[in-house]
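What follows is a single structure, written as C-alpha cells, with notes after it.
The values are calculated or read from the model by the stated rules, or taken from the named source; none is laboratory data. Treat the numbers as computed from the prediction; the structure is a model and nothing was measured. Neighbour counts run over all protein chains shown; Cβ positions are idealised from the backbone, glycine included.
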Amino acid sequence: MSFCVSDQQQSLGNAASTSTRPTKRTKTAGAASNVTEATAPQKTPVLMGMRGEYAAGGFLDMPVEILFEIFGWARPEDLLSLTRTSKPLRSILRNRRTALSTWKSAFARHYPDMPACPPGMDEPRYARFMCSRECHGECEGLAGEGETRAFWYLRVRYCQPCLDKRVINRIDSKAPYYHCVPIEYVFPAASAPYRRPQYLLGDVESFNRQLDELPPGEERDAFIEREEERMRGLHEHVAKCMKWEREQNMKHHAELARIRERRFDGIVQRIVDLGYGDELDRMESEEFRSLVRVDDHSREQELTDREWDRIELDIVGYLKRRRSEEETERRGDAACEAEA
Ligand SMILES: [Zn+2]
C-alpha cells in the first residue's frame with residue numbers, strides 16, 4: 001500500500017492545464033460561484049463559491065461531471081491526496097452527498113476485497129487508515145512509513161511517540177467505559193513480555209462526556225448497551241481487516257518473489273546474449289548467484305532496459321576480468337606443459 005500522488009493524479013494536472021474550455025456553457029466547479037440560486041445545480045451546492053485564491057489552476061474550471069469522471073479512476077489514497085491540494089477539492093471530495101459514490105467506487109475498483117467502511121467512520125478517514133501508512137498523530141507525517149503501525153481496534157495509525165501521547169494504559173475495569181470504548185493490547189516496548197491494554201484518551205473522554213449528559217437510569221443504560229453493541233461490531237470488523245491485511249501481505253510477498261525470479265532470469269539471459277554464457281556455466285553456484293544479484297537493494301525491481309543499463313557495467317566488467325584471468329591461467333598451463 002503506497003501513499004503518494006499517483007501518475008494518474010499527475011496526469012490529472014496535465015489534463016487540467018491543457019484542457020480547452022467547452023464552447024457550450026457547461027457547469028464547472030470553478031464557475032459554480034457565478035451560478036444564481038435559481039439556476040444553481042441542485043446536486044452540487046458544495047461547489048459554489050470556490051473560485052478565487054484557492055482555485056487549483058485550471059483544474060476546477062473543468063466541468064463537474066468530468067472532474068468526477070476523473071476522480072472515479074483514482075485510488076482512495078490519491079483522492080485523499082487531492083483533498084489536501086486545495087480547499088475546493090477538499091470541499092468537493094469531503095462532501096458525502098456528492099462524493100460518496102466516488103469514494104466507494106475507488107475502494108471497489110482498487111481494493112475489491114477490503115472490508116467495507118465501518119459505521120462511525122467516513123470514507124476519507126477509512127482511506128487514511130487502510131490505504132496509507134502515515135502517522136495520524138502530532139508528528140504530522142514526519143514519522144516514516146516504516147515507523148508507524150496500525151492499531152486496528154483504535155482505528156488509528158501511529159508512530160511510537162505519538163501513540164505514547166494519545167493513549168492511556170491505566171485501565172479501570174469498573175469504569176462504565178470499560179466495555180464501551182475501543183481497547184487495543186499493545187506491547188509497551190519491543191522487548192516487553194506482555195501486551196498491555198490501551199485506550200485512546202479521546203475515546204474515553206468522548207464516552208464520559210456523552211454519558212454525563214444523560215440522566216441516570218434507562219437512558220444511560222440504553223446508551224451503554226448501544227456502545228457495547230458497537231464494540232461487538234468493531235471486533236467483527238477488526239477480524240475481517242486483520243484477515244484482509246494478512247492476505248495482502250501474502251500476495252505482496254508472492255509478487256516480490258515473482259519479480260525477483262523474473263529479474264534473475266532476465267539478467268542471466270542478457271549475460272548469455274552478450275556471449276558470456278560459458279563463463280556463467282563454469283561458475284560455482286555461490287559466485288553465480290552473487291554476480292546475478294550484484295545489487296541486492298534492487299532485487300525486487302523489474303529488470304527494465306534502464307535498470308540493466310545501471311548494472312550492466314558491473315556485471316560485464318566482472319565477467320571480462322574473469323575471462324581474462326581464465327585466459328592467463330590457460331596460457332600459463334600451456335606454457336608449463338610445453339616446458340615439460
Ligand atoms: Zn507520529
Residue in the range 127-143 that is farthest from the ligand (Cβ to nearest atom), counting only those that are of a type outside the set (Asp, Glu), within 29 Å of SER105 (Cα to Cα) and part of a loop (DSSP other than H, G, I, E, B): SER132
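Hey, could you check the range 116-126 for residues that are part of a loop (DSSP other than H, G, I, E, B) and surrounded by fewer than 19 Cβ atoms within 10 Å (Cβ to Cβ) and say which is nearest to the ligand (Cβ to nearest atom)?
MET121
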Counted residues, the range 152-194 - those being assigned to a loop (DSSP other than H, G, I, E, B) and away from the ligand (no atom under 16 Å from the Cβ): 20
Residues satisfying the stated conditions in the range 260-281, i.e. in contact (Cβ under 8 Å) with a residue 12 or more places away in the chain and under 26 Å from GLU327 (Cβ atoms): ILE267, VAL268, ARG270, ILE271, LEU274, TYR276, GLU279, LEU280
Any chance ARG149 is within 16 Å of the ligand (Cβ to nearest atom) and closer than 30 Å to VAL186 by Cα: yes
Qualifying residue in the range 96-111 (condition: in contact (Cβ under 8 Å) with a residue 40 or more places away in the chain, crowded, with 19+ Cβ neighbours inside 10 Å, not hydrophobic (A, V, I, L, M, F, W, C) and not in a helix (DSSP H, G or I)): no
Checklist (1) within 16 Å of the ligand (Cβ to nearest atom); (2) more than 29 Å from the chain's Cα centre (by Cα) applied to GLU213, failing item: (1)
Extreme residue, surrounded by the fewest Cβ atoms within 10 Å (Cβ to Cβ), among residues of the range 160-182 that are at pLDDT below 90 and touching a strand residue (DSSP E or B) at 6+ places or on another chain (Cβ under 7 Å): ASN169
Every pair of residues 6+ apart whose Cβ atoms lie under 8 Å, when the first sits in the range 64-84 and is within 12 Å of ALA127 (Cα to Cα) while the second is of a type in the set (Phe, Trp, Tyr) and surrounded by 19 or more Cβ atoms within 10 Å (Cβ to Cβ): PRO76/TRP103; PRO76/PHE107; PRO76/TYR126; LEU79/PHE71; LEU79/TRP103
